[in-house]
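Reading through the structure tokens given below for one structure.
The values are calculated or read from the model by the stated rules, or taken from the named source; none is laboratory data. All values reported here derive from a predicted model rather than from experimental measurement. Heads up, the Cβs are rebuilt from the backbone with ideal geometry, glycines too, and the neighbour counts pull from every protein chain shown. Please note that ligands, DNA and RNA were not included when accessible areas were found on the heavy atoms of the full protein model with its side chains. Shrake-Rupley method; radii C 1.70, N 1.55, O 1.52, S 1.80 Å.
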Amino acid sequence: MNSTFGYHLVAFLTVAVWGSTFVFTKMLLLNGLSPAQIFTLRFIIAYVLLLLFELLVQRDAFHLFCSSWKDELVMVALGIVGGSLYFLSENAAMLYTTATNTSLIVCSCPLFAMLLVSLFYRDSERFTRVQFAGSLMACLGMAVVVLNGHFVLHLSPVGDLLAFCACLCWAVYSLLMKPASERYSTVFITRKVFFYGLLTILPYYVVVPGFPGMEVILSRPVLWNLLFLGVVASMLCFLVWNWVIRKLGAVTATNWVYFNPITTILFAWWLLHEQITPWFLFGTLLILVGMYLCDRKNPA
């Protein structure tokens, strides 16, 4: 655990930033932007900056496409499950079900990631019963934090199905990152995710046309929030997250998603003066213990 402490700390800080994005996204929604428009603009900013970085700093190592069409298809899939489909399904779920339901379902993706990785990579990824128990405990802790003592769920088949789609998207993203990170650099993979995320969101605008004008985008409250989401929450966090997956492995890294509701509540306490409850503290303890158990390797 000590040898990987730095990687775990980076993973936590990344999830903490993602947990704060609700504030900045809320500000953009209040200024008239739709969730799809916010996603598109933040990914455009991230892609352009990352492309410029590669062209100016890593020009000698720059290449536009993968070395094979099969690998290119993997990048397309990463752009869909880590970009367009994930964000659209998560945001659409909020229209049909409660924020609590959506958070519970989406944040359970580490458990599904563990099951998928153990299914597809049986030879290289074997998990002990203790690790599975740890993931279940962390998942239970996440549920305690999200529900916050109000154990009432409002079932909505359409909304819950969309949230589950987002959950599976992130689990599949973690699964696909394993072979991709073995053959390509973190910067290259991240750039491809942004590009194909943007490319596959375009059909949405055929169904729901419309985009904010430059006077809206360049207004101070919109521009500053977009820059944070594009530069920090998208470009930097995706780069760091893909690097952490390379270092810790898909399952261990994805388990940090359990902390997402914790960071969201902490930001709500700090910025919106919401109360911290005993349920929050109990759930956080369960997550910490579960994460410790998840990181334990086989004795052999």
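Couple of notes before you dig in:
- Based on alpha-carbon atoms, the Kirkwood radius and the radius of gyration of the chain give Rg/Rh equal to 0.96.
- Measuring nothing but protein heavy atoms, the accessible surface of the chain at 1.4 Å probe radius is 71 percent carbon and sulfur.
- Remark: relative contact order (the chain) = 40 percent; criterion is Cα-Cα distance under 8 angstrom and separation of 6 or more residues.
- The simple spin-label model puts a point 7 Å past each Cα toward its Cβ; for I276 and K70 those points are separated by 5.0 nm.
- Spacing of the two label points (7 Å from each Cα toward its C-beta) at V158 and F5, in nm: 5.1 nm
- Heavy-atom accessible area ranking, 1.4 Å probe, most first, across D71, D60: D60, D71
- Shown is the FRET efficiency for W269 and Y292, computed with R0 = 25 Å from the Cβ-Cβ distance and rounded to the nearest 0.05: 0.55.
- Kyte-Doolittle at least 1.6, axis length at least 18 Å by Cα - qualifying DSSP helices, the chain: 35-57, 129-147, 278-294
- The stretch 182-300, relative contact order [Cα under 8 Å, separation at least 6], %: 24 percent
- Using a probe of 1.4 Å on the protein chains alone, the accessible area found for Y205 is around 40 Å².
- Ratio Rg/Rh, restricted to the stretch 165-300 and using Cα atoms, in which Rh is the Kirkwood radius: 1.03
- Relative contact order (%) - criterion: Cα under 8 Å, at least six apart; region: the stretch 1-138: 15 percent
- The calculated 222 nm mean residue ellipticity attributable to helices in the chain amounts to -23500 deg cm²/dmol, summing -39500 (n - 2.57) over DSSP H runs of n ≥ 4 and dividing by all residues.
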